[in-house]
Amino acid sequence: MLKNIDPLLNADILHALCAMGHGDEVVICDANFPADSVARQTVLGRVLRLDGVSSPRAVRAVLSVLPLDTFVDHPAERMQVVGDAAALPAVQREAQHEVDAAEGRAVPFASVERFAFYARAKQAYCVIATGETRGYGCFIFKKGVQLAPDAPQN
């Protein structure tokens, strides 16, 4: 057991998140997402699993160690509801709360059309599949940098 590390973050997930560089993307997806087939096309090449965990809880765990990119307009994205681009299901509202809490500020999700989301996910560094049973519990996060406390800010 490691101190100050969310216990959901197993060794495989921690290794992948650490290996990612600035600008790399991680997908957190629900149980309905084609995680295995999509993950085979990612940089990592295999799916990482958090079975039995909701998407918002997985978001909290991942963002406890992963800084979001501050050099892009939308470092957090969600899968758009088919037929209702403005809809924000409960699972996405809960995940939005986790993102804002992790960043200490509002970081609104950008929405990505379903098939565009699949295409983007295939270009990600890795896919983390959750046990989320609610639809549209699928998110993309772009990794930023964590500057030392005394480093100059841009």
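The numbers here are math on the coordinates, done by the rules we state, and not lab data. Everything quoted here is computed from the prediction, not taken from an experiment. Cβ: placed from backbone, ideal geometry, glycine included. Neighbour counts: every protein chain shown.
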Run through segment 70-154 and list the trypsin sites (Lys or Arg not before Pro) located in a DSSP loop whose Cβ has at most 14 other Cβ atoms within 10 Å. R105
Potential extension, A116-V65 segment - 0.36 nm per residue separation minus Cα distance: 15.7 nm
Assuming R0 = 22 Å, can you tell me the calculated FRET efficiency for the pair V72 and R40, based on Cβ-Cβ distance, to the nearest 0.05? 0.25
Note on the chain: contact order normalised by length, alpha-carbon pairs under 8 Å, 6 or more apart, percent, works out to 43 percent
Projected-area average for the chain over all orientations - Cα convex hull basis, square nanometres: 9.1 nm²
Fewest Cβ neighbours within 10 Å first, please rank D36, D30, D51, D69 accordingly. D51, D36, D69, D30
Please work out whether segment 1-59 counts as rounded, prolate or oblate from its C-alpha gyration tensor, where a ≥ b ≥ c are the square roots of the eigenvalues and a/c under 1.5 means rounded, while otherwise a/b larger than b/c means prolate and anything else oblate? oblate
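Restricting to the chain, compute how many DSSP beta bridges are antiparallel as a %, nearest 5.
Details: 8 of 18 bridges.
If we restrict to bridges inside the chain, about 45 percent are antiparallel.
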Under a 10 Å cutoff between Cα atoms, tell me which one of V82, V53, V26 has the largest fluctuation in the Gaussian network model of the chain. V82
Pick from A39, A124, A106: which is most flexible by mean-square fluctuation in a GNM of the chain where alpha carbon atoms under 10 Å apart are linked? A106
Zone reached by a paramagnetic label modelled 7 Å from D6 Cα along Cα→Cβ, restricted to segment 104-143 with backbone N below 11 Å, covers none
